[in-house]
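K.L.:
Below you will find the structure I want to go over with you.
The values are calculated or read from the model by the stated rules, or taken from the named source; none is laboratory data. This structure is a prediction, so every number in the text was calculated from the model and none was measured. Counting neighbours? That spans all protein chains shown, and the Cβs are built from the backbone with ideal geometry, glycine included. With ligands, DNA and RNA removed, areas are computed over all heavy atoms of the protein, side chains included. Shrake-Rupley method; radii C 1.70, N 1.55, O 1.52, S 1.80 Å.
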Amino acid sequence: MKALKGTNFSFPNQTKFYSGKVRDVYYFGDKMAMVATDRISAFDVILPEAIPFKGQVLNQIAAKNLLATKDICPNWLEATPDPNVAIGHLCEPFPVEMVIRGYLAGHAWREYKSGKREVCGVALPEGLKENDKLPAPIITPTTKAHEGHDEDISKEEILKQNQVNAADYEVLEKYTQQLFARGTELADKQDLILVDTKYEFGKIDGEIYLIDEVHTPDSSRYFYKEGYKERQQKNEPQKQLSKEFVRQWLIENGFQGKDGQKVPEMTESVVKSISDRYLELYEKVSGEPFNKQDYSNIEKRIESNIIAALK
């Protein structure tokens, strides 16, 4: 199966290049072109095999949701000249990610299960089960690590360390709550529950912008709405659309990103099953059929489309 593992272009007027866990980013002064590759990461580790169509899924869902939330706050996106490419404003990013949770799942559940009743300085009530709806959405920020693991951090620590000033943090909290409310509405229309997600923000000339991806399977967790209550009552696992199934597969095969652990073999059938889940997620989240792109000349196509868009 063909997949886009990475790019290494050299464009006219390019000022910088950065390769992240999933995206290759090309800088052109105050503009940037993000190429969503098919790389996949879990537990802050890039896995050895790329997942066909994953980059296209991420890029197209992110673009759709950036457009659908533009009335809440300005965002970085200007154009999507290719299924795998987004071009927009270069912002000065805040050094924290704003994670918001409406349900007790994933990392928050693992913390709760270990006996903790506070996540990122936010108190949690006793008696909750995995995947229970929280009394109200909670914001549980993390630091943004260039290498290694992102770390939980409280609002108080962020302000104390002056990572974000108090006035800006108030705006980040407001935008995070409003974006999550909008994401919840959009998910509900597709018979989904937006469980949790993360937002990243930056600044241009003193104004706060939403940056990076929004409401994608890499940044968000979704449950199917149908049968949610029944599954909770029966203590059954929730049917979900997110990258959590990849994490679960890794955990079951002895990998959680810890020192000395080895990523299990990603066979062709494992890669195909992950790809199929991403396609299912795209169609379920967007409500539109997924049009598979042609991989035969993908690098050349991406390069040409970026050059044309920047003229």
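K.L.:
Around Asn131, which amide H atoms from residues at least 5 apart in sequence, or from another chain, sit under 5 Å from its own amide H, with H modelled in the peptide plane?
P.N.:
Answer set, sorted by chain and number: Leu104, Ala105.
K.L.:
Could you please put Asp152, Asp218 in sequence from largest to smallest accessible area, using a 1.4 Å probe? Let's see the in-between values first.
P.N.:
Numbers: Asp152 65, Asp218 25 Å².
Ranked list, largest accessible area first: Asp152, Asp218.
K.L.:
What's the carbon and sulfur percent of the chain's accessible surface, probe 1.4 angstrom, rounded to a whole number? Let's see the in-between values first.
P.N.:
Values: 7130 of 14960 Å².
Percent of accessible area from carbon and sulfur atoms in the chain: 48.
K.L.:
Principal axis lengths of the range 30-69 from Cα atoms, whole Å, largest first?
P.N.:
Sorted largest first, the three principal extents are 32, 23, 19 Å.
K.L.:
Just in the range 107-211: which trypsin sites (Lys or Arg not before Pro) are loop by DSSP and have at most 13 other Cβ atoms within 10 Å?
P.N.:
Counting only loop positions with at most 13 other Cβ atoms within 10 Å, the trypsin sites (Lys or Arg not before Pro) in the range 107-211 are Lys116, Arg117, Lys129.
K.L.:
Turning to a different aspect of this structure: Using Cα-only point scatterers and the Debye equation, what is log10 of I(q)/I(0) for the range 14-138 at each q in 0.21 Å⁻¹, rounded to two decimals?
P.N.:
Log10 of I(q)/I(0), two decimals: -1.18.
K.L.:
Per residue, how much accessible surface does the chain expose to a 1.4 Å probe? Answer in Å², no decimals.
P.N.:
On the way: 14960 Å² over 311 residues.
That works out to 48 Å² per residue.
K.L.:
Roughly how big is the range 1-146's charge dipole about its Cα centre, with Cβ charges of +1 (Lys, Arg) and -1 (Asp, Glu), in debye to the nearest 20?
P.N.:
Details: 18 positive and 15 negative charges, 56 e Å.
Dipole magnitude for the range 1-146 comes out near 260 debye.
K.L.:
Report, by chain and number, residues whose modeled amide H sits under 5 Å from the one on Asn75, excluding near sequence neighbours (fewer than 5 apart, same chain).
P.N.:
Leu210
K.L.:
Okay, next question. Sort Ser296, Ser286 from largest to smallest accessible area, using a 1.4 Å probe on the heavy atoms of the protein chains.
P.N.:
Values: Ser296 80, Ser286 10 Å².
From most accessible down to least: Ser296, Ser286.
K.L.:
Report, by chain and number, residues whose modeled amide H sits under 5 Å from the one on Gly20, excluding near sequence neighbours (fewer than 5 apart, same chain).
P.N.:
Close amide H contacts, sequence-distant or interchain: Val25.
K.L.:
Ordered by residue, what ³J(HN,Hα) values in Hz, to whole numbers, does the range 17-33 give under the Karplus form 6.51 cos²θ - 1.76 cosθ + 1.60, where θ = phi - 60° and Gly and Pro are x?
P.N.:
9, 9, 10, x, 5, 10, 9, 9, 10, 10, 9, 9, x, 8, 10, 9, 10
K.L.:
Sticking with this structure for a sec: Mind putting a number on the dipole of the chain about its Cα centre? Charges go on the C-beta only, +1 for Lys and Arg and -1 for Asp and Glu, and I need it in Debye to the nearest 20. Each step should come with its number before you reach the end.
P.N.:
Numbers: 42 positive and 49 negative charges, 107 e Å.
The calculated dipole for the chain is roughly 520 debye.
K.L.:
Of Phe290, Gly88, Asn131, which is farthest along the charge dipole of the chain in the positive direction, counting Lys and Arg as +1 and Asp and Glu as -1 at C-beta?
P.N.:
Checked the options; the winner is Phe290.
K.L.:
So what is the relative contact order of the range 175-282, in percent, for Cα pairs below 8 Å that sit 6 or more residues apart? Walk me through the numbers before you get to the answer.
P.N.:
Numbers: 106 pairs, mean separation 19.4, N = 108.
Reported relative contact order: 18 percent.
K.L.:
Once the Cα gyration tensor of the chain is found, what semi-axes does its equivalent ellipsoid get, as square roots of 5 times the eigenvalues, in whole Å, sorted largest first? Mind showing how you got there, number by number?
P.N.:
Numbers: eigenvalues 175, 121, 73 Å².
Semi-axis lengths for the chain are 30, 25, 19 Å.
K.L.:
From the protein chains alone at 1.4 Å, what is the descending order of accessible area for Asp259, Asp191, Asp24, Asp212, largest first?
P.N.:
Working: Asp259 155, Asp191 80, Asp24 0, Asp212 30 Å².
Putting Asp259, Asp191, Asp24, Asp212 in descending order of accessible area: Asp259, Asp191, Asp212, Asp24.
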